[in-house]
Amino acid sequence: MSIVVLKLPKVKRKTEERPKKCPYCSGTTFQRWGQVNKPVKDVRVRNVRVYRYRCCHCWRTFRHYPQGNTSADQTDRLRLFATLLWTLGLSHRASSLILSGLKVRVSFMTIWRDVQVEWGERKKRNSWKSVRVLGLDGAYVLGWGEKQPVLVAVDLGTGEPITVGYVNEYDPHAVVRWLRPLVQQHGISVIVTDDLTSYKVVTEKLQLGHQICQFHVRRWVGRALKDLQETIPKEWLWVVEEVRELLDVLHPEGSQRLHALWKQLPGRSSRPDQARSAMEQLRDLLLRLSRDWHSYCTFQSEPEVPWTNNATESAIGRMKMRARTVRGYKSWQGMQSGLMLAGTYTR
């Protein structure tokens, strides 16, 4: 039986330390200027003692809150707990109902704002995070009445989403415009994607290393070879077997060997307006694999680069699961925060 442990912020009833500096002038000398018992909303604490101080440098007064408290009525613990309830599948109203059972009255709109605040704080923490290897993959999520294209970026070092964009992965120019500032901001040097043509254009434009997910490659190549095996002449079946062996081993010199096999096959005989024969399809397959071979083997020379994009697909799976339970997002702001939190917390 598995046990889930949620680590929530600590909340103290009173502070045990004086403030380190003035929030207005950064002064370090203060006079205590009174105290007040502040009622708060929390699952355990009902009120906290807040001290007021006066800065001896600028003579302004300010409140010094105990750990886990701010000027808001909610404690940090309750805000994060409400966000987790929503992220784990409850609606805003259901989350409010759960909290009422714990004798905490919080409206569903407050919980909606808690979700937005938590995403804003996570976005700030991710702003200048160093990410060397980035996983990219597209998805379609229900929003404002129809399926919307989104592009998900995941730090493959930690498996956590960095951001999501309102971008169609089939448009390479849109992907380049969206990805360029992320590359500069996070120091990205390698991207891991599926075998989509648009990503090859992106890596050339942004001069990035590229690893194509081996799961996608072996799946579509395996299907293509299986179909060709039944249609090409028997004297050429050895080519199919050698291609399979090259994919299994991923030899660094595989590109040259595939190109040599391509040269041995007979040239194209059908007209441009005619369907390609089985031998012509095999020839095109060899040329494509030879051209992209370096993108299949990046992980061999870069230990930090995974050979699949499973971490990104797992994050997208969590995002899609949460998107189905909310029955569609109403705005891009809500979709972005919902997808990011779902991809992060429900791991």
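The values are calculated or read from the model by the stated rules, or taken from the named source; none is laboratory data. Please read these numbers as outputs of a predicted model, since none were measured by experiment. Here Cβ is always computed from backbone atoms with ideal geometry, including for glycine, and neighbour counts include all displayed protein chains.
Table for the structure above
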{"quantity": "Every residue from the stretch 124-139 that is free of Cβ contacts under 8 Å to residues at least 60 places away in the same chain and either surrounded by fewer than 17 Cβ atoms within 10 Å (Cβ to Cβ) or touching a Leu at 6+ places or on another chain (Cβ under 9 Å) (or both)", "calculated": "124, 125, 127, 128, 129, 130, 131, 134, 138"}
{"quantity": "Subset tally (residues that are among the hydroxyl-bearing types (Ser, Thr, Tyr), more than 13 Å from residue 341 (Cα to Cα) and in contact with a helix residue (DSSP H, G or I) (Cβ under 9 Å, 6 or more places away or on another chain)) for the stretch 83-120", "calculated": "5"}
{"quantity": "Residue that is over 35 Å from the mean Cα position of the chain (by Cα) and surrounded by 15 or more Cβ atoms within 10 Å (Cβ to Cβ), where the choices are 265, 237, 250", "calculated": "265"}
{"quantity": "Residues located in the stretch 117-143, provided they are assigned to a loop (DSSP other than H, G, I, E, B) and under 23 Å from residue 309 (Cβ atoms)", "calculated": "129, 130, 131, 132"}
{"quantity": "Leading residue by the ranking (surrounded by the fewest Cβ atoms within 10 Å (Cβ to Cβ)) among those in the stretch 280-300 that are over 21 Å from residue 189 (Cα atoms) and in contact (Cβ under 8 Å) with a residue 40 or more places away in the chain", "calculated": "281"}
{"quantity": "Test: residue 59 is within 30 Å of residue 317 (Cβ to Cβ) and not assigned by TED's automatic domain parsing to the domain that holds residue 320", "calculated": "no"}
{"quantity": "Residue check for residue 227: acidic (Asp, Glu) and touching a strand residue (DSSP E or B) at 6+ places or on another chain (Cβ under 8 Å)", "calculated": "no"}
{"quantity": "Test: residue in the stretch 277-290 that is polar (S, T, N, Q) and within 21 Å of residue 217 (Cβ to Cβ)", "calculated": "yes"}
{"quantity": "Which numbered condition residue 203 misses (of (1) assigned to a helix (DSSP H, G or I); (2) at pLDDT below 95; (3) within 15 Å of residue 292 (Cα to Cα))", "calculated": "(2)"}
{"quantity": "Hey, residue 217 at negative phi, under 28 Å from the mean Cα position of the chain (by Cα) and modelled with pLDDT under 90 or not", "calculated": "no"}
{"quantity": "Residue match in the stretch 312-333 (condition: hydroxyl-bearing (Ser, Thr, Tyr), part of a helix (DSSP H, G or I), in the same structural domain as residue 199 (by TED's automatic domain parsing) and in contact with a helix residue (DSSP H, G or I) (Cβ under 7 Å, 6 or more places away or on another chain))", "calculated": "no"}
{"quantity": "The stretch 31-82 - residue that is part of a strand (DSSP E or B) and touching a helix residue (DSSP H, G or I) at 6+ places or on another chain (Cβ under 8 Å) and, of those, surrounded by the most Cβ atoms within 10 Å (Cβ to Cβ)", "calculated": "74"}
